[in-house]
Amino acid sequence: MQLHLLSWPEVETYLAKSKTILIPIGSTEQHGPTGLMGTDAICAEVIGGRAGDEAGIMVAPTFNVGQAQHHMAFPGTMTLRPSTMIAAMVDWARSLSHHGFERLYWLNGHGGNIATMTAAFSEIYHGASMSEAKGSRLLCRMRNWWELPGVGDTCLQFFPVGEGHHATPSEISVTYYAYPHARKQAALEPKIAPFGPINDAADYRRRFPDGRIGSDPSQANPEAGEKIVAAAVKAVVEELRSFAEEKEEKA
Ligand SMILES: [Zn+2]
């Protein structure tokens, strides 16, 4: 049940029975020599799309460019400034709430988005907190897909060594499952990439010359991706149902 495939009368009918929508949110950034640029957006979109169908919850278009300044030394990466991303998220939320959506479940695929998303939620609530109406019904929830119950265990089962922090075999498996024809091969040296801090883009490329952090994505495969997606979808469906039913309580 994806918004961009519905007509307005169908959206109107949906709003008469539910006020909840899931928004996949990710990034367009390098994911090492074998990972797709769209990895973080694809993971959120695939898991969110399927969970929305199973839970009967509408899914918004994917917010697919996020906070990726530290990846800008690699061609193809796109980034928003934090201020731009906050402004865009506020406008997405306002557009949806204008029509009656009250519960926005943002399914996030990129760790670098978290701080800016948190600030955007404050900006979204700020309007309601300062208004004459003394509050609104709009409630936002952020969920990082890799932290969903059951997902970490599934990833560990497939990749006990070399999961790492960026361009992980788990997230790349999800994209290979979603787009098997986009699967890539490259020699990875060293086999497991180094760990280290993240600063600006030039520093990142110096520390992590091929883009990976701590990972060995040569292990990625569609079969693991299918199992990881299944675990994540199960958890999102459960959360979506309780989020949609929560009364006035703000979390
Ligand atoms: Zn990623």
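The values are calculated or read from the model by the stated rules, or taken from the named source; none is laboratory data. The structure presented is a predicted model; accordingly, all values stated were derived computationally and were not measured. So basically every Cβ, Gly included, is an ideal-geometry build from the backbone, and we count neighbours across all protein chains shown.
Of the residues contained in region 91-109, none is found to be hydroxyl-bearing (S, T, Y), within 16 Å of the ligand (Cβ to nearest atom) and in contact with a helix residue (DSSP H, G or I) (Cβ under 9 Å, 6 or more places away or on another chain).
Restricting the first member to region 37-55 and to residues that are in contact (Cβ under 8 Å) with a residue 40 or more places away in the chain and more than 12 Å from W145 (Cβ to Cβ), and the second to residues that are among the hydroxyl-bearing types (S, T, Y) and within 13 Å of the ligand (Cβ to nearest atom), the beta-carbon pairs closer than 8 Å and six or more apart or on different chains are M37/T28; M37/T77; G38/T28; G38/T175. Residues that are part of a helix (DSSP H, G or I), out of contact with any helix residue (DSSP H, G or I) (no Cβ under 7 Å at 6 or more places or on another chain) and acidic (D, E) within region 189-245 comprise D203, E223, E238, E239, E245, listed in sequence order.
Residues that are within 13 Å of the ligand (Cβ to nearest atom), small (G, A, S) and either over 19 Å from A41 (Cα atoms) or assigned to a loop (DSSP other than H, G, I, E, B) (or both) within region 153-175 comprise G164, A167, listed in sequence order. A119 - would you say it is farther than 22 Å from I42 by Cβ, touching a Cys at 6+ places or on another chain (Cβ under 9 Å), in a helix (DSSP H, G or I) and at pLDDT 95 or above? Taking the combined requirement at face value, the residue does not satisfy it. Of the residues screened, R141 is one that is more than 16 Å from the ligand (Cβ to nearest atom), assigned to a strand (DSSP E or B) and touching a residue at least 12 places away in the same chain (Cβ under 8 Å).
Among the numbered conditions (1) within 16 Å of the ligand (Cβ to nearest atom); (2) assigned to a helix (DSSP H, G or I), the only one that M85 does not meet is (1). Here K227 qualifies as under 24 Å from N144 (Cα atoms), in contact (Cβ under 8 Å) with a residue 12 or more places away in the chain and of a type in the set (D, E, K, R). Residues that are in a helix (DSSP H, G or I), among the aromatic types (F, W, Y) and crowded, with 17+ Cβ neighbours inside 10 Å are absent from region 56-70 altogether.
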